[in-house]
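Accompanying notes for the structure given below.
The values are calculated or read from the model by the stated rules, or taken from the named source; none is laboratory data. Small disclaimer: the values here were computed from a predicted structure and weren't measured. Here the Cβ is made from the backbone with ideal geometry for all residues, glycine too, and neighbour counts use every protein chain on show.
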Amino acid sequence: MTTLLEEKYTAEKQRFIVEAQELLLFNCWSQTLLESISQHCGFDKDYHYLLFPDGIREVVEFFENWQDQKMMLQLQEQDQIVQLRIREKIALALQIRIKNIPKLIHIRNNAYFILPENIFFAMKMAWNSCNLIWYYAGDTATDFNHYSKRGLLVSVYLSSILFYIADESENAVDTDQFIDDALENIINIAKLKNFAKLPELSSIPILRLFT
C-alpha cells in the first residue's frame, strides 16, 4: 500500500518526465538538463536528486518505462476496437512505441545509450520494451523460445528506431513498412530454425560408438 509521500513523489516524477520530454527537444541528457527541468517544474534547487538519487540513468529509465506504459494504454484501447493477430499486435506495438517519441528525442536517447558505459543499460531498456510487447501479443513461453523471441524483436526494435529517425515519408509510413518487413524476416528465421534441427547423436556414424 502506497503512502501519501510515495504518491507525491510519483506525481512529481511524472511531472518531471513530462517536462523532460519538452526540454529534450533542445538539449542532450546532462546534469544541466536535469537542473533546467527542476527549474521549469518550480522545484527547489537540487530537488531532482531527491526524486532520482541515481541521477541521469534513473531519469532515463523512468522515461523509458513511462513510454512503455503509454504504449500499453494505447494498445489496450486498440484491443477494444478490433482483435488483431499476434504478428499484427507486435507490429502495432512497435509502431506506437517508436513513433510516439519525436525523432529529436530518439536522437538524444541514442546519443546517451551509445556511450560505452551505457551499452548494457540500453539493451536492458530495449529488452524490457520488447518483453512487454511479447506479453501483450500473448506469448507465455518460459523455455529458450522466451529469450530467442525477445532477442530477435530487440534487433527489429533498435533497427526500426534508426530507420524512423531518417524516415521522411508522410506519417512515417515507410517505417511501418520497414517494421512489417523486419518482422517477416524474423518469422522466416524462426521457420528455418524449425527445419534446421540438429540431428540426433545416434544418427551420426562416428558418434554411434559413444551412444
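Every residue, every condition in (1) in contact with a strand residue (DSSP E or B) (Cβ under 8 Å, 6 or more places away or on another chain); (2) surrounded by 16 or more Cβ atoms within 10 Å (Cβ to Cβ); (3) at pLDDT 95 or above; (4) on the phi > 0 side of the Ramachandran plot, yes or no:
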| site | (1), (2), (3), (4) |
| --- | --- |
| Leu104 | no, no, yes, no |
| Leu115 | no, no, yes, no |
| Met125 | no, yes, yes, no |
| Tyr147 | no, no, no, no |
| Arg150 | no, yes, no, no |
| Val156 | no, yes, yes, no |
| Ser160 | no, yes, yes, no |
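Phe26 passes every criterion in (1) within 27 Å of Lys99 (Cα to Cα); (2) part of a helix (DSSP H, G or I); (3) at pLDDT below 95 apart from (2).
Checked against the criterion of being small (Gly, Ala, Ser) and modelled with pLDDT of 95 or more, the candidates Ala172, Ala137, Ala141 yield just one match: Ala172. Restricting Leu34, Leu50 to those that are modelled with pLDDT under 95 and either in a helix (DSSP H, G or I) or more than 19 Å from Ser129 (Cα to Cα) (or both) reduces the list to Leu50.
On the given criteria, is Phe121 surrounded by fewer than 19 Cβ atoms within 10 Å (Cβ to Cβ), aromatic (Phe, Trp, Tyr) and closer than 16 Å to Gln67 by Cβ? So Phe121 fits the description; yes.
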